[in-house]
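Report on the structure given below.
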Amino acid sequence: MIKCGLLDLKEKANALFNINNISHDLKVKLIYTSLAFEYPNISYSKVEDILNGKNNDAALLVNNQNNAFEYIVSLIKSGEELNENKLKDLHEILMKDILEVSGLYRNVDISIKGSNHTPPSHIKVYDRMNKYFDYLAQSPSDLLEYISFSHLQLAKVHPFLDGNGRCARLVLNYELMKNGFAPVYILPEERNEYYNTLEEFKVNKDSNPFKEFLLKIEARSLNL
């Protein structure tokens with residue numbers, strides 16, 4: 001049932017979504033909803049003002065997020081795969097002038113508040129990320145699993161000191177757009193559902209809840 005849903009959405013995405021003509025409204029939603037996870041003071045109107053050339057206290061965050069989104073779009077248009085160096089470049093763009101160690105894997109152990117999963121020790125991050133990119137280098141036999149894993153495993157490893165969620169959502173949209181789908185966004189009222197799907201993967205290695213969630217938010221991006 002999941003695979004049929006994905007095929008149906010891909011057919012509709014091919015008809016409705018054009019990576020060369022991403023609507024202003026969709027871009028504002030993508031930036032606003034991703035930043036709002038950590039910065040609830042950032043409103044839709046603030047993001048819209050900044051993208052329209054106005055300045056306010058959220059300008060750095062919004063411009064970095066926009067530049068990072070444009071970076072993944074440029075990779076897709078040029079046919080470039082997201083390898084380790086490009087992921088680090090993406091994180092550096094996203095966290096420019098926000099995090100001193102942007103673009104570098106963390107060198108300390110961390111925990112995630114409210115999660116039953118503890119990310120791997122920093123000494124294991126390089127090995128986990130090597131395995132992650134080995135997987136992404138393969139031709140997917142199950143496209144929905146492949147796209148989901150690109151997001152879920154990056155969120156699970158949490159390789160950077162900060163900005164992991166934003167970076168993982170950009171990677172998700174890179175994989176979606178590269179494979180002919182529309183980019184997705186997560187509304188504030190959907191966050192608990194989203195976090196629960198992440199937790200299912202991190203703790204129980206079950207990606208199915210996230211797959212179902214992904215199909216739902218992809219359908220919304222296509223205005224179905």
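Values in this text are rule-based calculations from the coordinates and carry no lab data. Quantities reported herein were computed from a predicted structural model and do not represent experimental measurements. Cβ sites come from the backbone with ideal geometry, for glycine too, and all protein chains shown count toward neighbours.
For this structure, a couple of remarks:
- Within the option set 134, 109, 142, being touching a residue at least 24 places away in the same chain (Cβ under 8 Å), more than 26 Å from residue 27 (Cα to Cα) and of a type in the set (D, E, K, R) holds for one residue only, 142.
- Flag if residue 161 is assigned to a loop (DSSP other than H, G, I, E, B), in contact with a Phe, Trp or Tyr (Cβ under 9 Å, 6 or more places away or on another chain), among the aliphatic types (A, V, I, L, M) and under 19 Å from residue 124 (Cβ atoms): yes
- Of all residues in the stretch 160-171, those that are over 15 Å from residue 36 (Cβ atoms) have Cβ atoms under 6 Å from Cβ atoms of residues that are outside any helix (DSSP H, G or I), 6 or more apart or on another chain, in 160/106; 161/101; 161/106; 162/99; 164/158.
- Criterion: part of a helix (DSSP H, G or I), β-branched (Val, Ile, Thr) and surrounded by 20 or more Cβ atoms within 10 Å (Cβ to Cβ) - qualifying residue of 147, 76, 123: 147
- Total residues in the stretch 24-51 satisfying the condition of being of a type in the set (Ser, Thr, Tyr), without any contact (Cβ under 8 Å) to a residue 12 or more places away in the chain and either in a helix (DSSP H, G or I) or in contact with a Lys or Arg (Cβ under 9 Å, 6 or more places away or on another chain) (or both): the figure is 1.
- Within the stretch 43-73, the residues that satisfy the criterion of being under 17 Å from the mean Cα position of the chain (by Cα) and surrounded by 14 or more Cβ atoms within 10 Å (Cβ to Cβ) are 61, 62, 63, 64, 65, 66, 68, 69, 71, 72, 73.
- Annotation: of all residues in the stretch 164-192 being among the aliphatic types (A, V, I, L, M) and either in contact with a strand residue (DSSP E or B) (Cβ under 8 Å, 6 or more places away or on another chain) or not in a loop (DSSP other than H, G, I, E, B) (or both), the one that is surrounded by the most Cβ atoms within 10 Å (Cβ to Cβ) is 170.
- In the stretch 79-96, residue nearest to residue 181 (Cα to Cα) [restricted to those that are part of a helix (DSSP H, G or I) and among the charged types (D, E, K, R)]: 86
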